[in-house]
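The values are calculated or read from the model by the stated rules, or taken from the named source; none is laboratory data. Because the structure is predicted, anything quoted here is derived from the model rather than measured. All Cβ positions, glycine included, derive from the backbone under ideal geometry; neighbour counts span all protein chains shown. Just so you know, the surface numbers come from the protein's heavy atoms only, side chains and all, with ligands and any DNA or RNA stripped out. Shrake-Rupley method; radii C 1.70, N 1.55, O 1.52, S 1.80 Å.
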Amino acid sequence: MNAVEEFAAVGPLLPDGIRLFIREEIDSTNDEVRRLANAGAADGAVVIANRQISGRGRRGAAWVCPPGEALAFSVLVRPVEPVGLWPRLALAAGLAVAEALELHGVTAGIKWPNDVWIDGRKVCGVLVESGGNHVVIGIGVNVNVGEFPAELADSATSLRLETGEPVDRAGVFAEILRRLDIRRHQIGADFPLLLDAVRSRCVLTGERIRLVSADGPREGFCEGIGAGGELLLSVDGQIERLLQADEVRVVGR
């Protein structure tokens with residue numbers, strides 16, 4: 001079965017409003033969704049690729065997607081909520097992935113703001129990019145990856161490595177979209193429901209962390225996630241509230 005057949009088969013399982021674009025090979029699913037958005041595509045357009053040549057994570061870092069083993073897809077969202085709430089979509093996406101993976105018996109944690117971990121190792125990255133009237137949510141998940149390069153062996157994992165058996169990649173994809181369809185609509189009035197689920201999975205709470213924000217590098221203890229989805233960082237006894245940050249690392253890992 002090729003990638004088109006694999007992912008087309010789960011079409012009936014996807015939420016209403018999803019329009020699926022399947023590519024065997026592509027430069028970047030985020031870039032393709034942005035092109036569709038600029039051409040007038042409606043909310044719910046999803047581009048998924050079996051092989052992504054120029055995938056990227058936050059701050060332009062490369063994201064590798066082994067053909068047939070990982071998931072690389074992007075979702076077009078045209079939010080009705082105010083622009084100031086759009087960053088919450090990163091939490092919604094991370095939670096959707098965590099909930100989908102948990103159906104396979106693993107314990108998934110959320111590393112604010114954009115990663116999903118299993119047992120201290122990264123299994124998923126989320127990249128949210130906004131345009132004038134839309135948001136592109138890019139998601140990369142290590143589903144059936146059996147081996148990582150030496151430089152990633154201690155920091156990355158896959159659902160297959162954690163469960164010890166092959167996993168239905170298309171089934172995971174469909175479940176993530178179903179969960180995202182619920183969680184993306186909770187960034188407004190229902191945000192407390194989303195926030196409670198994220199907080200219960202936050203792997204940074206209580207840890208000493210080092211990060212880079214718009215104001216420069218920071219190091220302190222994570223006190224959890226605030227009411228607006230911001231990271232609460234204790235630095236010299238003072239609480240700083242960070243809406244965005246890059247390169248968040250647990251000190252000592």
Only residues in region 127-141 that are closer than 12 Å to residue 37 by Cβ count as the first member; pair them with residues that are in a strand (DSSP E or B) and of a type in the set (Asp, Glu), Cβ under 7 angstrom, at least 6 apart or cross-chain, and list the lot.
136/129
Selection count where residues are part of a loop (DSSP other than H, G, I, E, B) and on the phi > 0 side of the Ramachandran plot, scope region 219-253
4
Per the filter on region 7-16, residues part of a loop (DSSP other than H, G, I, E, B) and touching a residue at least 40 places away in the same chain (Cβ under 8 Å) are 9, 10, 14, 15
Selection from region 47-75 of residues that are at positive phi and at pLDDT 65 or above:
68
Output for region 220-244, where each listed residue is small (Gly, Ala, Ser) and over 22 Å from residue 183 (Cα atoms):
220, 234, 237
Counting only helices (runs of 4 or more DSSP H) entirely within region 120-201, those with at least 2 residues that are surrounded by fewer than 16 Cβ atoms within 10 Å (Cβ to Cβ) are 191-199
Step by step: first the residues of region 220-237, then only those that are modelled with pLDDT of 95 or more and over 27 Å from residue 190 (Cα atoms), then the one that is most open to solvent (accessible area, probe 1.4 Å). Which residue is that?
221
Give the residue, chosen from 182, 176, 225, 187, that is in contact with a Phe, Trp or Tyr (Cβ under 7 Å, 6 or more places away or on another chain) and within 30 Å of residue 18 (Cβ to Cβ).
225
Looking across region 238-248 at residues that are among the charged types (D, E, K, R) and at pLDDT 90 or above, the single one that is nearest to residue 129 (Cα to Cα) is 241
Quick one: residue 104 ticks every box in (1) in contact with a strand residue (DSSP E or B) (Cβ under 6 Å, 6 or more places away or on another chain); (2) buried (at least 16 other Cβ atoms within 10 Å of the Cβ) except a single one, so which number is it?
(1)
